[in-house]
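Take a look at the structure set out below.
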Amino acid sequence: MILLTNETGGPGIEITVNQLKSGAYGIDAMVEGINKVEADPTIRSVGFGGWPNILGEMEFDGAVMDGNTREVGAVGALKHTYHSAQVARAVMQKLNHVMVTGDGADRLAAEIGLPKVKTLLENSGEVWEQKLREVLSEEEFEKFPNIPLAPLNSTITDPEKVRDTTVFLSKDADQGIHAATSTSGWGWKYPGRLGDSPIAGGGYYADSRFGAAACTHTGEMAIRCSTSRSIVMALQMGKTLDDAVKFAVEEVDGLKGGFIAGLVIHAIDVSGNHKVVSYNLDEPGKYWLWKPSMSAPELRESEMV
Ligand code: GLY
């Protein structure tokens, strides 16, 4: 067994580890943990603590992938509940689809019994308005949102510039290697923007025969390079985990044009190895690791590449 999450996984790691120890299906164990991350207002890039889009509305993305069957469930731009991993699991288990967005995702959330809740944290709403006032003229502010929003895309972002997701990768007691993600995406993003967190192959991928990978930070780059799928495919082609991640980093490094920033890559292989690297960032990302040989989950620092 193994559990690897990024730093924001902290509030959910204990319950996930306990469930894995008791033999739970990895996706159920990770969704339980992610539920806690999503409800924690101190996590500023996921769930209730996240930042809104440019219109001041919360839009949540998330996904699960079962590495035994390679079934996927994903949601995008969910507005009325922040439990996107749970709704993503329902897409995988209840629908013949892999991704549902917008009103349909909120509808499915209601059908599985998730109440419609207030998803914008008061502080997030205040900071959102303050940022708009800083960049807009009085006239533009009066007219908002009936002004072109695209020019604001490069002007405003979240205070922490975290652009983070919570990513969980696990191998459960039945040797199933699975992945789960959840995020509120970039703060002040253009409405309807989907990052990598709901995109199979970009933000996450799992195959119980080989391993799993998931990304945080600038999702656009992970989508452009199919980073998570690249890593698992490189494992399938016989590369070591180190070389598979190196290959994916080289692909990201070769991107020309477009928006380029940081990316953090998390990966595990079927033998229980793990690797976390921070690309093009000022500081290393932190991650949580748990294996049965450990007395408690450990918070570690990623490699800088
Ligand atoms: N990696 C999270 C996002 O880009 O939305």
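We did not get these values from a lab; they are worked out from the coordinates using the rules stated. Note that this is a predicted model, so its numbers are computed, not measured. With ideal geometry, Cβ positions are generated from the backbone for all residues, glycine too; neighbour counts draw on all protein chains shown.
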Legend entry - Lys, Arg +1 and Asp, Glu -1 on Cβ, resulting dipole of segment 164-238 about Cα centre, debye, nearest 20: 200
Legend entry - In degrees, nearest ten, helix 227-236 long axis to first principal axis of the chain (Cα): 10
Legend entry - Of N280, G125, G62, farthest towards positive along the dipole that unit charges on Lys, Arg, Asp, Glu beta carbons give the chain: G62
Inset, instruction - Please turn the phi angles of segment 33-47 into ³J(HN,Hα) values with the Karplus equation 6.51 cos²θ - 1.76 cosθ + 1.60 (θ = phi - 60°), one per residue in order, whole Hz, x for glycine and proline. - result: x, 5, 3, 6, 4, 5, 8, 8, x, 8, 8, 8, 9, 9, x
Legend entry - Kirkwood-Stokes translational diffusion coefficient of the chain, alpha-carbon pairs, 37 °C, 0.692 mPa s, µm²/s: 173
Legend entry - Normalised contact order of segment 66-199, rounded percent, pairs of Cα under 8 Å and 6 or more residues apart: 26
Inset, instruction - Give the angle, between 0 and 90 degrees and rounded to the nearest 10, that separates the Cα long axis of helix 241-253 from the longest principal axis of the Cα atoms of the chain. - result: 30
Legend entry - Cβ-based charge dipole, the chain, positive-most Cα from V252, P151, S271: S271
Legend entry - Extension gain (nm, one decimal) between L149 and D103, 0.36 nm per residue minus Cα-Cα: 14.4 nm
Legend entry - Proximal lysine pairs, segment 158-258, alpha carbons under 24 Å, eight or more residues apart or interchain: 6
Inset, instruction - Treating only the Cβ atoms of Lys and Arg (+1) and Asp and Glu (-1) as charged, compute the dipole magnitude of segment 33-135 about its Cα centre; round to the nearest 20 debye. - result: 180
Legend entry - Relative contact order for the chain, counting Cα pairs under 8 Å that sit 6 or more residues apart, in percent: 21
Legend entry - Selection from Q175, L241, V75 lying farthest towards where the dipole of the chain points positive, charges on Cβ: Q175
Inset, instruction - Measure nothing fancy, just the Cα-based angle from helix 84-94's long axis to the longest principal axis of the chain, in degrees from 0 to 90, nearest 10. - result: 60
Inset, instruction - Grab the Cα-Cα distance for A296 and L255, subtract it from 0.36 nm times how many residues apart they are, and report the gain in nm with one decimal. - result: 10.9 nm
Inset, instruction - Please list 192-199, 117-124, 142-149, 166-173 highest first by mean number of surrounding beta-carbon atoms within 10 Å per residue. - result: 166-173, 192-199, 117-124, 142-149
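Once you charge only the Cβ atoms, +1 for Lys and Arg and -1 for Asp and Glu, what is the size of the charge dipole of the chain about its Cα centre, to the nearest 20 debye?
Working: 28 positive and 41 negative charges, 141 e Å.
So the magnitude is around 680 debye.
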